[in-house]
Amino acid sequence: MAAGLGKRMRSKRAKVLHQVAGRPMVLYALELAQRVADEAVVVVVGHQAAQVKGILDEHAGHTTGSARPRLMSRVKGVTAHVKAGGSPVSAPLIAEQRQQLGTGHAVMQAREAIVRARGTGAARYLILNGDTPLLTDTTVQELLRVYEEEKAAVAILTAVLEDPSGYGRVIRHPAGEDRVMKIVEDRDATEAERAVREINVGTYVVDGPFLFEALDRLQPANAQQEYYLTDVVKLAVERGLTVAAVKASHPEEGLGINSREQLAAAERVLRERIRRRWMHKGVTFIDPDTTWVDADVTIGRDAVIYPDVTLEGKTAIGEDCCIRSHSRIAHSTIGPRVQVLDSCVITDAVVEEDAAVGPFAHLRPGSIVRRKAKVGNFVEMKKTELGAGSKVNHLSYLGDSRVGKGVNIGAGTITCNYDGYRKFQTVIEDDVFIGSDAQLVAPVKVGRRAVIAAGTTVTQDVPADALAISRMVQANRLGWAAKRRGLLAANAPHDSNGAPRTPRSAPRRPAPVARGKGRQKRTGGK
Ligand code: UD1
Ligand code: CA
């Protein structure tokens, strides 16, 4: 059930679109259902249906592998994002609930979708709220087991909470018996009922024929004037059918996200679980509490992650990598043994094995750093491939470029890829040497083994093995600096720039001289 708005979130976005550990909430319920269900999964959408369906489509594409970026598959030794076991999951059926008239009404829409797809109803149904992302497979399996064992018509998952406010309360038989009688929503509860700390998690297993019958009998006679799914419990009791209940052994699993506080609480729990899972698989977190790893990230064995690192989206980190502090890596693939030094931002990029990046590097979308290449400090790359073993160590911008193998790119090299209207390509072939402070005005190509002299502005293609140099011819004026010092010391007349008026050989445009006696004394002292 994912059709609700989620008023208490006070958001412009439907609640199930909000992210927990970097993925939309709706996907937790969906994937759990897909793992547990024997058959079809239906998602009830309603509020912002188009966006929710978009997420479901994208998810279906990813799990079958078809929408996986091509870049990913090229990196060796990194876990690919295919489902364990390799079996592709079929996309869920979609039921649209145009008006959100309650959880019972949501299931009525799912009923139609199922009957349409199968021709007839199923023997039993697992029903999940879309806002309980902490729920685990183990707990749901246990609920299914108890449902079967007790030959129940309905089995519900409950949790005993310190603060049950807002949830539906599980009302058991008063005569000391344990039997569940009904679920009462917070808003409909009496004072005594509100004191009950056992809550309905919103996870149900229901007998098929009974469910369909019960749905027809639901009435919106309650505070919210909604069709409550929870009323099927009361209906089963009235019919003398068995209602089973399983208490979650970890009550946190029952956390339903209705508010931003609950969203943050779920985030904390899930992040902790994710880190523990990777530590179990042999990853070192120097300070787990400050390391943020999204749910879809994979990390290879013996990787070491320093404090304050954020790994986002479908990022894959290879074995033996070292990711230093304050780096953020999103939707990227990092090969084995890569060093990412401090404070890097890496987005939609690929870094192959044994490469090094940072500190303070920015790899923007479409950057590919091939094996053993090195990207140093204050370097920005975008839609650029840096060939194997090539180096761009300091203060450079490479955009829309293809750089071959064994290339050395000197400090302060800039590819001028944009003329204000369009973007152009720069191609630098293998074993080129580019001196410091060069500009490559694209479109331009530098042939193999060519050398670009420092300070050159390359505006034409450079043939292989050539030297390209474009500079002003340098003039040295002997004694110039000493003369100026002498003139300034003698307080000789000088122009507004501080340049002495005589003699003629004196410099025309010396560096501006600070006014004030103290500063003057220091001039030329360094
Ligand atoms: C529901 C339960 C409550 C339980 C709590 C657990 C009902 C009547 N109450 O309350 O007993 O303790 O969950 O978290 O079921 N939805 C739809 N269509 C609708 C209404 C809701 O698809 O018309 C979906 C929502 O998107 C959400 C889920 O159903 O994923 C639960 O809805 P929500 O409004 O959060 O129910 P609660 O008031 O929390
Ligand atoms: Ca809820």
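Computed from the coordinates by the stated procedures, all read-outs in this text should not be read as laboratory data. Please read all numbers here as calculations on a predicted model, not as lab measurements. Because the Cβ atoms are built from the backbone with ideal geometry, glycine has one as well, and the counts that use them run over all protein chains shown.
Quick notes on this one:
- Dipole of the chain [Lys/Arg +1, Asp/Glu -1 at C-beta], most positive-end residue of Tyr227, Gln439, Val403: Gln439
- Cβ charges +1 (Lys, Arg) and -1 (Asp, Glu), total dipole of the chain, debye: 4340 debye
- Per-residue ³J(HN,Hα) for segment 409-416, Karplus 6.51 cos²θ - 1.76 cosθ + 1.60, θ = phi - 60°, Hz, x for Gly and Pro: 10, x, 4, x, 7, 10, 8, 8
- Separation of segment 435-482 from segment 270-288 is 50 Å, based on Cα centroids.
- By average C-beta atoms within 10 angstrom, highest first, the peptides 241-247, 7-13: 241-247, 7-13
- Counted by Cβ distance under 11 Å from Pro164, the other residues give a net charge of -2, where Lys and Arg count +1 and Asp and Glu count -1.
- For segment 241-400, share of DSSP beta bridges that run antiparallel, in % to the nearest 5: 0 percent
- Counting neighbouring beta carbons within 10 Å and listing from fewest to most, the residues Tyr28, Tyr306 come out as Tyr306, Tyr28.
- Between segment 1-55 and segment 217-265, the C-alpha centres lie 18 angstrom from each other.
- Relative contact order computed over the chain (Cα-Cα under 8 Å; 6+ residues apart), in percent: 8 percent
- Summing charges over neighbours of Asp296, with a neighbour being any other residue whose Cβ is under 11 Å away from its Cβ, gives -1 when K and R count +1 and D and E count -1.
- As a proxy for reagent exposure, Met381, Met181, Met472, Met279 were ordered by neighbouring Cβ count within 10 angstrom, fewest first; the result is Met472, Met279, Met181, Met381.
- Each of the peptides 480-486, 445-451 was scored by the mean count of other Cβ atoms within 10 Å over its residues; in descending order, highest first, they stand as 445-451, 480-486.
- Positive-end extreme of charge dipole, the chain - chosen from Val170, Ala122, Ala468 (charges on Cβ): Ala468
- In this structure, the residue pairs whose Cα-Cα separation is over 29 Å, taken from Lys12/Lys314; Lys53/Lys382; Lys12/Lys247; Lys314/Lys383; Lys281/Lys405; Lys53/Lys151, are Lys53/Lys382; Lys12/Lys247; Lys281/Lys405; Lys53/Lys151.
- Of the residues Val196, Met108, Thr333, the one whose Cα sits farthest towards the positive end of the charge dipole of the chain is Thr333 (charges of +1 on Lys and Arg Cβ, -1 on Asp and Glu Cβ, taken about the Cα centre).
- Cross-link partners of Lys445 among aspartates and glutamates, defined as those whose alpha carbon lies under 19 angstrom from its own and excluding same-chain residues fewer than eight positions apart: Glu385, Asp400, Asp419, Glu429, Asp430, Asp431, Asp437, Asp461, Asp465.
- Centre-to-centre separation between the Cα atoms of segment 330-366 and those of segment 106-146: 41 Å.
- Neighbourhood net charge (13 Å Cβ-Cβ; Lys/Arg +1, Asp/Glu -1) for Gly399: +2
- DSSP beta bridge pairing in the chain, given as percent antiparallel to the nearest 5: 20 percent
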